[in-house]
Amino acid sequence: MDRIGIHVMVNGRPDVAALERLVGEIAPSLGFNWVIAEINGHFRYSSHPEAAEADPIEAEDAGRLAKTARDSGVSLVPMYNCLGHQSWREKPGALLRAHPEFNEAPDLDATAEGFYCASWCPSHPDVNPLVFDLFDELIDAFEASAFHVGMDEVFIIGHCPRCRDTSNADLFAKAVNDYHGHLVGGRGVEMMVWGDRLLDARSMGYGLWESSENDTHPAVDRVPTDIVMCDWHYENMDDFPSVSFFQEKGFRVWPAGWNKEKSIRKLVEVARRDATPKMLGYMATTWADLNGIVAGLAGESTDPKSERLPGIIAGVQLGAKLAQG
Ligand SMILES: [Zn+2]
């Protein structure tokens, strides 16, 4: 497998030392040659200072990380989660706090049971010019040749008056094409996206997190095939049909697992079984505090209060081992 990657969340400056250690030492020692760093608002954006969270990563930190990655043979990819995941329930991220006008559904009660994350409006005329500035700053600071736009688990879409007369598939495809135009067309970098919104839950057999029950999936035929589909699946399945589906559609696919041993083993098995030249490898995901992840991967003791951390660390190690096997 060419690409053995790990996705981590970076919550600003307190995580910089751990990220540097991961990129320079821990990831290569485990066989990882790609690190996807989810930055979102945790960077000091000079073009839009209001879009930064507290205690953000500085551009000089990113430059140092880029050099460390280069020296250790790791491709370091910044990520900015687009469209969805603009709040955690009723707590908006920096972008929506500063620009509440971008909120796709300000009328929904974010404290209600079942409310997950806010979305930005893909039809708002001011959102793309702003976030493209953020993309540019991350690409420049991290000296990146690839960029991950997130776009997983978008549940609020097609809600506002600008969007409601357009199908969810067209709205989603427009967003993907807009970002592609800037990233691939404008900047010449590779674009990566989480694949879940492009999979039809009814035909794939995945649930509403790992695939779409809100009719975004026809967008798969309306977006450029040079996008890398990061095909994340965490539940135990008898098969993972999306791995071949994306390749048959012409995309490069990068299967991604998490913390369940059986699921990771099966996903890597399917990735090998269904591999064409468009199958890139395996990506481990973490979804936990980066300091704890890096300490655990280094064999150091981790916070005993975090019950799920040992399982996640074991999943990362297993995935790396299987992908190299
Ligand atoms: Zn809208």
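Per-structure values
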quantity: Selection within segment 213-233 - free of Cβ contacts under 8 Å to residues at least 40 places away in the same chain and either within 13 Å of Val176 (Cβ to Cβ) or part of a loop (DSSP other than H, G, I, E, B) (or both); calculated: Glu213, Val220, Asp221, Thr225, Met229, His233
quantity: Scan of segment 132-191 for residues that are among the hydroxyl-bearing types (Ser, Thr, Tyr) and in contact with a strand residue (DSSP E or B) (Cβ under 8 Å, 6 or more places away or on another chain), ordered by number; calculated: Ser145, Tyr179
quantity: Tally of residues being assigned to a helix (DSSP H, G or I) and over 18 Å from Asn128 (Cα atoms) across segment 174-212; calculated: 7
quantity: From the options Ala54, Ala59, Ala37, Ala17, residue that is of a type outside the set (D, E, K, R) and buried (at least 22 other Cβ atoms within 10 Å of the Cβ); calculated: Ala37
quantity: Any hit, segment 275-289, residues being farther than 17 Å from Phe240 by Cα, more than 20 Å from the chain's Cα centre (by Cα) and without any contact (Cβ under 8 Å) to a residue 12 or more places away in the chain; calculated: yes
quantity: Residues being more than 13 Å from the ligand (Cβ to nearest atom) and charged (D, E, K, R) - total across segment 85-104; calculated: 4
quantity: In segment 178-237, the residues that are open to solvent by 20 Å² or more (accessible area, probe 1.4 Å) and of a type in the set (S, T, N, Q); calculated: Ser203, Asn214, Thr225, Asn236
quantity: Residue match in segment 151-173 (condition: in a helix (DSSP H, G or I), within 19 Å of the chain's Cα centre (by Cα) and touching a residue at least 12 places away in the same chain (Cβ under 8 Å)); calculated: yes
quantity: Wholly within segment 1-110, strands (runs of 3 or more DSSP E) carrying at least 1 residues that are free of Cβ contacts under 8 Å to residues at least 60 places away in the same chain and of a type in the set (A, V, I, L, M, F, W, C); calculated: 34-38
quantity: Candidate set: segment 21-36, residues that are closer than 26 Å to Val193 by Cβ and small (Gly, Ala, Ser); chosen: the one farthest from the chain's Cα centre (by Cα); calculated: Gly31
quantity: Failed criterion for Glu104 (all others in (1) more than 24 Å from Ser46 (Cβ to Cβ); (2) open to solvent by 40 Å² or more (accessible area, probe 1.4 Å) hold); calculated: (2)
quantity: All positions within segment 110-133 that are within 16 Å of the ligand (Cβ to nearest atom), polar (S, T, N, Q) and open to solvent by 10 Å² or more (accessible area, probe 1.4 Å); calculated: Ser123, Asn128
quantity: Pair list, Cβ under 6 Å, 6 or more apart: segment 120-144 residue part of a helix (DSSP H, G or I), other residue within 16 Å of the ligand (Cβ to nearest atom) and not aliphatic (A, V, I, L, M); calculated: Val127/Phe102; Val127/Trp120; Asn128/Asp178
quantity: Scan of segment 134-159 for residues that are open to solvent by less than 10 Å² (accessible area, probe 1.4 Å) and within 16 Å of the ligand (Cβ to nearest atom), ordered by number; calculated: Met151, Val154
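The values are calculated or read from the model by the stated rules, or taken from the named source; none is laboratory data. Here the structure is a predicted model, which is why all the values come from computation and not from measurement. Heads up, the Cβs are rebuilt from the backbone with ideal geometry, glycines too, and the neighbour counts pull from every protein chain shown. Accessible surface is based on the protein model in full, side chains and every heavy atom, while ligands, DNA and RNA are left aside. Shrake-Rupley method; radii C 1.70, N 1.55, O 1.52, S 1.80 Å.
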